[in-house]
Amino acid sequence: MAAAALRRDFTPVILTAALVLLLAGSAVVPAYLRFLFELALANGLAVMGLMLLMRAGLVSFGQGLYYCLGGYTAGIAGSFLGISDVFALLALGAAVAAVVGLLCGLLIARYREIFFAMLTLAFTMVLYGLLINNERLGSTDGFNVPAPHFLGWAPEGERLGLTLFVVTCVLVYVVALGLHRYLGSAMGYLGEAIRENELRVEYLGASVRRLLLVKYVLAAVLAGLGGVLTGLAVGHVDPDLANWTTSGEFLFMALLGGIENVAAPLLGALVLELVRSYALEYAPYLWQMTLGATMLVIILFLPGGLWSLARMRKGADLTPEL
Amino acid sequence: MLTLVVIVLDGLVYSSWLFIVAVGLTLIYGVLRIVNVAHGSFYALGAYVMASAAGYYFARGLPPQANYLIIPLAALVVGLVVGLPLERGLLRFFYGRDQVVLVLVTYAAFLVLEDATKLVWGVDPYYAVEPYRLLGTLSVGGLPYAVYDLCLIGVAGGLGAVLWWGLNRTRNGKLLGAVIHDREMSEAFGVNVTPIFTATFVLGAMLGALGGALTAPEISVVPGVGAEVIVLAFAVVVTGGLGSVVGAMLGALIVGMARAAVIHLAPSVELFVVYLVMAVVLALRPQGLFAPAAARKI
Amino acid sequence: MTEPLLEALRLKKAFDGLAAVDDVSLTIAERELVGIIGANGAGKTTFVNIVTGYLKPDSGQVRFRGGDITRLTPREITRLGIVRSFQVAQLFPDLTVLDNALIALAVAARTEGSFFRPLKRYELVEQVFGLLRGFAIDAYAAHKTAALPQGVRKLLDIAMAMSGRPRLVLLDEPTSGVSKDEKFLLMDRLLEALVQSGASVLFIEHDMELVERYAQRLIAFNEGRVIADGAPAAVLADPQVRAFVGGAPGKQPQGERPTSDALA
Ligand SMILES: Nc1ncnc2c1ncn2[C@@H]1O[C@H](COP(=O)(O)OP(=O)(O)O)[C@@H](O)[C@H]1O
Ligand SMILES: [Mg+2]
């Protein structure tokens with residue numbers, strides 16, 4: 001009976017296949033498309049963090065805070081501190097996001113629903129306000145992020161782009177696998193449990209507040225990593241990373257892709273990035289309208305996001321663990 | 001001493017502007033429990049309608065003194081042409097859903113309206129400085145002060161008074177108060193909330209548009225003004241307490257004064273201080289400083 | 001006499017000046033099976049809420065195995081070995097019965113902080129089926145709990161509470177919302193599982209037939225006070241109890257109306 005309840009888990013296979021496909025594809029696709037995927041994956045990290053919170057019933061309007069912190073950390077470390085190793089920058093970005101996430105999280109983990117949304121919004125706008133007025137960091141224009149090194153190796157041009165792409169893919173792959181494990185663990189399930197019934201969770205003997213704090217910090221770290229990668233990929237950071245509109249886009253990606261599986265936010269980020277690039281080219285005035293209209297359609301007719309569509313089509317349960 | 005006078009005066013002007021811009025947001029939340037992101041669109045639309053109507057008006061050489069009538073007319077038009085269809089055609093299908101879902105829905109509406117605005121008005125800036133210039137300046141302690149700015153204080157005061165009177169002294173206002181206090185209870189007592197919701201939403205939209213129309217003569221009207229204003233408006237109503245008109249007034253005063261003081265004393269943290277006030281208040285009192293008493297505890 | 005398992009000392013709790021629990025003192029011994037009766041609003045649920053830390057009493061003390069637990073949170077009290085069920089079953093409605101119970105077991109085993117070990121691993125799932133079988137609800141394992149019959153939900157609620165091997169179980173109207181015919185079956189299953197575990201049980205019940213059949217000792221509440229405490233037959237014969245609680249054996253009692261608030 002127990003054995004029947006345990007079904008096969010296809011997610012690692014899908015993720016691995018996607019990684020292989022991406023790496024193989026990077027050799028043939030044009031550079032702009034590769035860059036697009038790279039951005040989407042970096043954003044996908046932040047959206048995966050958002051997914052963690054949304055699974056616990058919390059909608060954050062402030063993922064941009066940590067995304068921006070990651071980007072600025074990479075920029076500041078590169079421009080002012082002379083640290084430019086990609087792995088050191090990632091570690092640093094994650095650490096900064098974790099510390100700030102912990103401090104904010106101690107406060108935020110007490111709030112729910114609209115108050116959680118508003119407080120996360122307020123925090124990210126505080127950073128935005130700080131950066132807007134900071135002349136040394138380029139004020140509204142931001143500043144350039146120097147090209148990174150890779151364990152002492154300093155490629156340039158096309159090579160740099162390709163290397164950064166590979167690093168991004170591998171990092172996102174590893175994070176996604178880890179997160180998938182997490183979602184299937186007790187800690188992961190307790191997210192849904194909290195969303196469904198906090199009283200019950202406390203009466204089982206678990207601390208809702210501590211669980212949410214962990215999730216919030218994890219989400220912050222993921223956004224921080226995404227921010228570092230984005231800063232390096234674009235070579236520039238500006239305060240808009242912390243503006244509420246950035247956080248709004250992350251939310252949109254999560255809604256679009258879904259939150260049922262780790263691959264869903266990545267899918268959402270990818271679709272959004274692709275549509276954006278074409279929309280901006282062919283109908284720049286219709287881009288946000290498309291976004292808004294799609295969002296309404298998703299909320300009304302496809303609350304599970306695109307991922308739920310894939311599931312229905314296959315008729316198979318791709319995510320037995322969740 | 002002079003600095004203090006200037007800070008207080010600047011603060012009053014800014015607070016007045018904040019109140020005008022934010023009061024519609026708090027009204028809508030109070031009755032419909034919607035944190036309306038599209039409020040930023042109403043503001044932007046109000047500004048655009050005002051700017052292009054004023055441009056047309058002055059180009060025709062019509063009597064300049066009467067141009068101020070365009071401002072309330074612009075608000076009225078935006079409320080009826082955009083606010084009404086938005087509530088009837090979209091929002092009402094989401095009543096009873098999670099508040100967060102409604103934030104997302106109005107956010108989507110905001111995005112759509114952003115581009116709709118660009119389609120109608122393009123991306124080049126619009127100006128409508130005449131109404132501002134016409135009123136000239138006044139010397140306050142030797143410093144020139146724009147009369148238009150000082151008028152904002154009067155408009156905000158008048159608006160606050162009218163809203164207060166309307167909510168507390170009229171039959172419809174009392175109905176509204178009952179709905180704000182306890183929706184289910186007032187429904188149980190036979191109050192039909194549907195028209196109340198619609199009317200409140202349209203009124204809130206008009207107030208947002210009024211804010212934009214009043215601001216248009218002072219700024220260059222460009223895409224993106226709505227996105228800026230919406231967070232400021234949030235800061236104000238959240239500080240004062242979501243859903244409370246008096247709270248919006250006090251929130252506007254606190255935020256406005258804080259910003260004016262900071263501009264004169266530590267200009268490098270101007271915007272930051274607005275959001276900081278909001279974050280600190282939210283962190284300490286999530287329901288805001290003057291939130292109306294909740295009818296039920298959850 | 002040995003130390004009692006639970007001791008309530010002069011508990012008082014008022015809501016807006018109205019005393020819901022008024023000077024209640026009682027003790028529960030190890031392995032005791034105690035019924036609580038009382039009309040609607042007599043303060044039974046409030047008493048359970050105080051003992052489990054959901055409400056803080058205005059005055060008085062709750063002692064468990066000799067230690068003061070009055071100021072502890074529900075979580076801490078659960079950890080100490082006092083668990084409860086709810087008038088309205090408290091479940092995770094969008095999850096399956098299996099997942100509900102798995103989460104309960106994982107938390108009970110204090111592995112809720114585990115990031116990496118799959119929750120659905122063979123041993124744990126086996127253990128959950130053992131637990132569900134004990135309450136005869138294993139057939140529902142794959143169902144989402146939202147759509148289940150009331151009786152099954154109640155049993156799952158209690159099974160989840162039992163996953164931590166508690167010393168004391170407080171059941172708040174375990175048979176409410178269950179049809180008259182199924183009540184006995186449910187209580188049979190329930191008490192068999194609970195008594196086997198060695199825990200003391202305190203159950204709130206409106207049906208006098210049930211109380212008489214299952215309780216070893218009976219406590220009657222009225223308007224926040226304990227008006228009788230002793231052998232079931234004696235308590236049920238008490239004229240005060242007959243007057244206030246109004247249900248001699250065999251008489252159909254008026255069940256409490258289901259409320260939306262589980263803790264009402
Ligand atoms: N959270 C609360 N707030 C206000 N009054 C309450 C609350 N909980 C219970 N009461 C009141 O306390 C009294 C006892 O309620 P309760 O303990 O639920 O009774 P019982 O479970 O015996 O039916 C009732 O009058 C009830 O209305
Ligand atoms: Mg009760």
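For the residues of A:281-291, the average number of beta carbons from a partner chain within 10 Å of their own beta carbon is 5. Within region B:1-34, name every residue whose backbone N is under 19 Å away from a label modeled 7 Å from Cα of residue B:264 along the Cβ vector. Answer for region B:1-34: B:1-18.
Simple spin-label estimate for residue C:16 and residue A:103 gives 4.4 nm between the two label positions (7 Å along the Cα-to-Cβ direction from each Cα).
For region C:135-140, putting each phi into the Karplus relation 6.51 cos²θ - 1.76 cosθ + 1.60 with θ = phi - 60° gives couplings of 9, 6, 10, 5, 5, 8 Hz, in residue order, rounded to whole numbers and with x for Gly and Pro.
Shown in residue order for region B:256-261 are the 3J(HN,Hα) couplings computed by the Karplus curve 6.51 cos²θ - 1.76 cosθ + 1.60 at θ = phi - 60°: x, 5, 4, 5, 4, 4 Hz (x for Gly and Pro).
Once you sort the root eigenvalues of the Cα gyration tensor of the protein assembly as shown as a ≥ b ≥ c, which label holds: rounded (a/c under 1.5), prolate (a/b larger than b/c) or oblate (the other case)? Verdict is oblate for the protein assembly as shown.
Return the value, in Å² to the nearest 100, of accessible area buried between chains B and A (probe 1.4 Å, both sides summed).
Roughly 3600 Å².
Distant-in-sequence amide contacts of residue A:185, defined by a placed amide H-H separation under 5 Å and a gap of 5 or more residues or a different chain, comprise C:119. In region A:165-254, the ratio of gyration radius to Kirkwood radius, Rg to Rh, stands at 1.06 when only Cα atoms are counted.
Carbon-plus-sulfur accessible fraction, region B:2-284 (probe radius 1.4 Å, protein heavy atoms only): 69%.
If R0 equals 51 Å, the separation of the Cβ atoms of residue B:185 and residue A:13 corresponds to a calculated FRET efficiency of about 0.40.
Nearest 20 debye, what's the magnitude of the dipole of chain C about its Cα centre given +1 on Lys and Arg Cβ and -1 on Asp and Glu Cβ? Intermediate values should be presented prior to the final figure.
Working: 31 positive and 32 negative charges, 109 e Å.
Charge dipole of chain C: 520 debye, to the nearest 20.
The residue list C:185, C:20, A:146 was ranked by how far each Cα lies along the charge dipole of the protein assembly as shown toward its positive end, using unit charges on Cβ atoms, and C:185 comes out on top.
For chain C, what relative contact order do you get, as a whole percent, if you take Cα pairs closer than 8 Å and at least 6 residues apart?
27 percent
For region B:209-219, the Karplus equation 6.51 cos²θ - 1.76 cosθ + 1.60, evaluated at θ = phi - 60°, returns couplings of 5, 4, x, x, 5, 5, 7, 3, x, 9, 10 Hz by residue, with Gly and Pro reported as x. For chain B, the longest principal axis of the alpha carbon atoms and the long axis of helix B:270-284 meet at an angle near 20°. Per residue of C:108-117, other chain Cβ atoms within 10 Å of the residue Cβ number 6 on average.
Rolling a 1.4 Å probe over the protein heavy atoms leaves residue A:290 with an accessible area of roughly 60 Å².
Helix B:171-181 and the longest principal axis of the C-alpha atoms of chain B enclose an angle of approximately 70°. Label-to-label distance, residue C:179 versus residue B:222, with points set 7 angstrom from Cα along the beta-carbon direction: 7.2 nm. Relative to the compact-globule estimate of 2.2 N^0.38 Å, the Cα radius of gyration of chain B comes out at 0.99. Taking amide H atoms as placed 1.01 Å from N in the peptide plane, the amide H of residue B:146 lies under 5 Å from those of B:138, each 5 or more residues away in sequence or on another chain.
Helix B:39-59 and the longest principal axis of the C-alpha atoms of chain B enclose an angle of approximately 40°. Considering only GluC sites (Glu not before Pro) in DSSP loops that have at most 16 other Cβ atoms within 10 Å, the longest stretch of chain A without any of them is A:157-322. Got a sec? Which residues in region C:210-226 would a label at residue C:188 touch, if it sits 7 Å along Cα→Cβ and we count backbone N under 14 Å? Within reach of a label on residue C:188: C:214. By a 1.4 Å probe calculation restricted to protein chains, residue C:183 has an accessible surface near 30 Å², given to the nearest 10.
To the nearest 0.05, how large is the calculated FRET efficiency for residue C:213 and residue B:98 if R₀ is 35 Å and r is the Cβ-Cβ distance?
Step by step, r from the Cβ atoms, then E = 0.15.
Structural descriptor for region B:187-292: relative contact order 26 percent, calculated from alpha carbon pairs under 8 angstrom and at least 6 residues apart. A simple charge model with +1 on the Cβ of Lys and Arg, -1 on the Cβ of Asp and Glu and nothing else charged puts the dipole of region B:2-284 at about 560 debye relative to its Cα centre. Averaged per residue, region B:152-298 has 43 square angstrom of accessible surface, using a 1.4 angstrom probe with ligands and nucleic acids left out. For residue B:241, the residues whose modelled amide H falls within less than 5 Å of its own, excluding neighbours fewer than 5 places apart on the same chain, are B:289, B:290.
Kindly sort C:201, B:277 by accessible area of their heavy atoms, largest first, with the probe set to 1.4 Å.
B:277, C:201
List the aspartates and glutamates whose Cα lies under 13 Å from the Cα of residue C:13, skipping any in the same chain that are fewer than 8 positions away. By straight Cα distance, residue C:13 reaches C:22, C:23, C:58, C:223. Sorted largest first, the spans of the alpha carbon positions of region C:1-134 along the three principal axes are 50, 36, 28 Å. Scattering from chain C was approximated by placing one identical point on each alpha carbon and applying the Debye formula without solvent; log10 I(q)/I(0) at 0.08, 0.13, 0.14, 0.16 1/Å stands at -0.31, -0.83, -0.96, -1.25. The 1.4 Å probe gives accessible areas that order B:121, B:165, largest first, as B:165, B:121.
Positive end of the charge dipole of the protein assembly as shown (Lys, Arg +1 and Asp, Glu -1 on Cβ, about the Cα centre): tell me which of A:170, C:43, C:55 has its Cα farthest that way. Result: C:43. Using only Cα coordinates, the Kirkwood hydrodynamic radius of region A:2-318 works out to 20.0 Å.
Its Cα centre serving as origin, the protein assembly as shown has a Cβ charge dipole (Lys and Arg +1, Asp and Glu -1) of approximately 980 debye. Which pairs break 28 Å Cα to Cα here: C:120/C:154; C:44/C:154; C:120/C:144; C:56/C:120; C:44/C:183; C:120/C:183? From the list (C:120/C:154; C:44/C:154; C:120/C:144; C:56/C:120; C:44/C:183; C:120/C:183), the Cα-Cα distance tops 28 Å for C:56/C:120; C:120/C:183. For the protein assembly as shown, build the charge dipole from Cβ charges (+1 Lys, Arg; -1 Asp, Glu) around the Cα centre, then report which of C:72, C:198, B:173 sits farthest towards its positive end. Of C:72, C:198, B:173, it is C:198. The residues of region C:1-152 expose on average 41 square angstrom of accessible surface per residue, using a 1.4 Å probe on protein heavy atoms.
The values are calculated or read from the model by the stated rules, or taken from the named source; none is laboratory data. As the structure is a prediction and not an experimental result, all values here were calculated from the model. Glycine also receives a Cβ, built like all others from the backbone with ideal geometry; neighbour counts cover every protein chain displayed. Accessible surface areas use protein heavy atoms only, side chains included; no ligands, DNA or RNA. Shrake-Rupley method; radii C 1.70, N 1.55, O 1.52, S 1.80 Å.
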